Every structure is written in C-alpha cells, then in structure tokens.
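No value in this document is a laboratory result; all are computed from the given coordinates. Quick caveat: nothing in here was measured; it's all calculated off a predicted structure. Neighbour counts run over all protein chains shown; Cβ positions are idealised from the backbone, glycine included.
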Amino acid sequence: MSDYDYAWYQKHSFTPIINVSGTMTGLGASITTPTVADATAEAMQHFVSIHEAQAKASELIAQLTHAEAGCLTASASAGITLAVAGCMTGLNPGKVESLPCVEGMPNEVIVQAGHLCGYGAPISQAIGLSGATVKSVGQSTLCCDYQVSSAISEKTVAAVYVVSHHVVHYGQCPLSRFVELCHEKNIPVIVDAASEYDLTGFLEAGADLVIYSGHKFLGGPTAGILAGKKELIRAAYLQNLGIGRGMKIGKESIMGAMAAMRAWMQRDHKAVSQREYQVLQHWQMATDKIPGIKATIVPDPTGNPLYRLQIDVDPSITGWTAAQAVSAFAAGKPTMIVRDHEIEHGYFQLDPCNLQPGQDREVCQRLIETLSSETPSHFEAADARNGSVNAYLGWIADR
Ligand SMILES: *Cc1c(COP(=O)(O)O)cnc(C)c1O
C-alpha cells in the first residue's frame, strides 16, 4: 500500500508510525536525508578537533543566517540556557565555572508574560538553569512599551523573545520594537526561533542571538543552532567549560547538522511546498464531503511557509468527537499521529512535512475509513492536555 518500508520497526519491535503531527521531539523530530545520515555516520569513524569543527559550523551558520558567528549545541533548549549564561558571564572563565551560582553577577532576564510558554518543558526553566532569574513583563495578553522599559534595571542581563505557535498571539510587543526598547538600555535580545523557517529575519530585525533547532525543519540530527553577535556566541560557547558540559554536541551531530544546513540552502523549497499543498488538497477533497466533517487548509500561525489540513468534527452529526478520532488514528496499524494541540476546540490538524514516500495515500485511506465510520465512538477521547505527562509517568511503570 505504501512505498515506505516499515522493516526497521519490525527489526527492533517498535510500533510503526505515520507522523502527520509535524516535528515532534517525542517521535524523533524529523527524518534526515541519506546525505545527512552519511555525514553523521562518517564522522563517527574519525577524531577531529571539536574547536575546528565548531569553527567550520560557525562559518556555515553565518552564511545561512547572515550572523557574525554561530555555534552548535545539544538542542535549542540548551541553546537558550547557554545564550543566557553567556550574557551573564561574558568571556570570563571564572564566572563560567561558578554558574549556576550568580553571586555578584547581574542575572535578571526579562520575558513578556505571553511568551512564557512550554515546548514540552517550560522556557522559564531553560533560562533559569543558567542561574538567571526570569522577570515576567506585562500581562499574558498585553505587553506595553513602558512595561518593557521599566522592567529593565541594573540587574538585567538579557531579554528573551519567543517566536512560536506556543505563545500568546495578540497584545505582544513586536520584535523590532522590543529590540529598540532593549537596545536603548544596552540589553541584548535573545530570540527563541526553534521551530521557525526564517533563518535571517530575526537578526535583520535587530536580535543579538537567535536559536534554531537542527532537528526540526532542517531535518538534521538532534542539535541546537546559535547564531548572532560574535562576542555573545563566543561567550555562549565558553559555557562548555561549565554548565554547557552536559549540553554538549558530539562530532557526529556537528557534521550532520552542517550537512543539513547545506542541504537546506540547496533545497527547492517551492517544489516541496507545492507538493505538500497538493497532498493537502487531495486529503481535503477526500474528506470534506463526509457528514459532520469540515476540512480546511490553514496557514501556519507564525507565518512559516507551510499549510496544514484542519479537520473540524461536528459530534452531533458524527456521534463522536475529534478527540475520539485522534485515539482511533493512534490505535490503528501503523499508529497515525495527528496534530491535536487544540483538540478542545473540536478539531485536529494534519501536517504533511514529515510524510515519507507513499504515506500520503496511506493517510488518505485511513482518513476516509475512520472519519466515515462509527468506530471512533468506541475510543476514549485522547487527552492532549495531560497525555504527555501521563506518558512520562507511565513509562516502564507497568513492565
Ligand atoms: C521545539 C522548541 C524548543 C526546544 O527545541 P529543542 O531543540 O527540542 O530543545 C524551544 N523553543 C521552541 C519555541 C520550540 O518550538
């Protein structure tokens, strides 16, 4: 039925997965191309000076993002911690070694209240791990200029700005204004853009450091990419002498991330997005006429150049809810994981960005079968809100 080979799952007795949820850490984020996989495997067979490899990565990150410099770390989350730490310590190794103890160092980091999100873990904790203290600015749905300005004091070392579907989407201070207000008081701005396609715009808007995930849209091995002002990048990199040790990236991921960045620069983005859009149109046509189902193609909420198919379920017609359909998809073989962050509103979404060859047809068939049957009513509603913590708590508990 599909061109995709599920043999690897069989070999390891893993549950076969069709991922139409996007780049999810809990599913292994993304699948790399053979070129990226080869670069990773090849590196495992050689020694290399990590400083040399990271210096090459810096050049490549600079080319990709138009930053002065860059470095790689274990994850975007680690990148946030190291960026903040670097703003506190500068290039002083003594201070690097003393973190997370911040005695005698200014250590406040301002963040708009509406940006204090979670991406599987709280961003406030990624900041706090360095020893910094988060100072929340404004209210969750409103942040005024004066609130940003008056939050800055002699204790402030940095400001963090988050670009993500996870943050509140109205009433927030726009990045260029936020940068202006912070730069007026010489405070560097760190942008968490882990899940964004735009690799140049945030630096262009004045950000001093920007953080991306190597394993999300870039399709590399697990890695965090830091890009920005040279002195701040050097300070973040220096944390490898301290708290960065546990967040380090190995040679295999450095080489894999570099291969992924090169591939990104060469990729025919237009052709990929056209192909994905056609898949969505196909699914839409196949499902929109099913009683109680409304299928709409929706743009990405943060302006990434990608679309998803939103399936709204009217339970008064279907006899089951969107959350029950999500469980029915997950219970099938292979398990099909859809995007259910906003399930309480009665819809789920399908993200085509991680589809493997032939899976578009497999998904289409599953959609038609499940959405036009009475079966979902047999399933308990998926609990997206508590599902993730319950999965952690349940891990090996009953084995
Ligand atoms: C995914 C994500 C992160 C964490 O990225 P990792 O590389 O998995 O650590 C941080 N911030 C935002 C906004 C994200 O979407």
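Translational diffusion of region 325-399 was estimated from the Stokes-Einstein equation, with Rh taken as the Kirkwood radius over Cα pairs; at 37 °C and 0.692 mPa s the coefficient is 239 µm²/s. For the chain, averaging the sequence separation of C-alpha pairs within contact (under 8 Å, six or more residues apart) and dividing by the residue count gives a relative contact order of 22 percent. Cα centroid distance between region 1-35 and region 99-176, in Å? If you average the Cα positions of each part, the centres end up 36 Å apart. Label positions at ASP398 and ASP3, each projected 7 Å from the Cα along the C-beta direction, are separated by 3.9 nm.
Summing charges over all other residues whose Cβ lies under 12 Å from the Cβ of LEU91, with Lys and Arg as +1 and Asp and Glu as -1, gives +2. Comparing mean-square fluctuations of VAL298, VAL326, VAL134 from a GNM of the chain with C-alpha springs under 10 Å, the top value falls on VAL298.
In the chain, the DSSP-assigned H stretches of four residues or longer account for a calculated mean residue ellipticity at 222 nm of -12000 deg cm²/dmol, using -39500 (n - 2.57) per stretch and the full residue count as denominator. Here the label points at THR141 and GLN356, each 7 Å from Cα along the C-beta direction, are separated by 4.3 nm in the simple model. By the count of other C-beta atoms within 10 Å, a proxy for reagent exposure, MET255, MET247 are ordered fewest to most as MET247, MET255. Note the angle between two axes, namely the Cα long axis of helix 384-394 and the longest principal axis of the Cα atoms of the chain, as a number of degrees from 0 to 90, rounded to the nearest 10. Roughly 80 degrees between the two axes. Length gained on full extension, SER149 to LYS56: 29.7 nm, using 0.36 nm per residue less the C-alpha separation. A simple packing score, the average count of other Cβ atoms within 10 Å per residue, orders the peptides 61-74, 329-342 as 61-74, 329-342, with the highest score first. What would the Debye formula give as log10 I(q)/I(0) at q = 0.14 Å⁻¹ for the alpha-carbon point model of the chain, no solvent? Results for the chain at q = 0.14 Å⁻¹ read -1.27. Couplings 3J(HN,Hα) of region 95-107, computed from phi: 5, 4, 5, 7, 4, x, 6, 10, 3, x, 10, x, 9 Hz, in residue order, whole Hz [Karplus 6.51 cos²θ - 1.76 cosθ + 1.60, θ = phi - 60°; x for Gly and Pro].
In a shell of Cβ-Cβ distance under 14 Å around ASP145, excluding ASP145 itself, what net charge do Lys and Arg (+1) and Asp and Glu (-1) give? Its environment carries a net charge of 0.
Sorting the segments 31-41, 85-95 by their mean number of nearby beta carbons within 10 angstrom, highest to lowest, gives 85-95, 31-41.
Mean separation of Cα pairs under 8 Å and 6 or more residues apart, divided by the residue count, gives region 50-89 a relative contact order of 27 percent. Note on TYR170 and GLU42: the model spin-label points, each 7 Å out from Cα along the C-beta direction, lie 5.2 nm apart.
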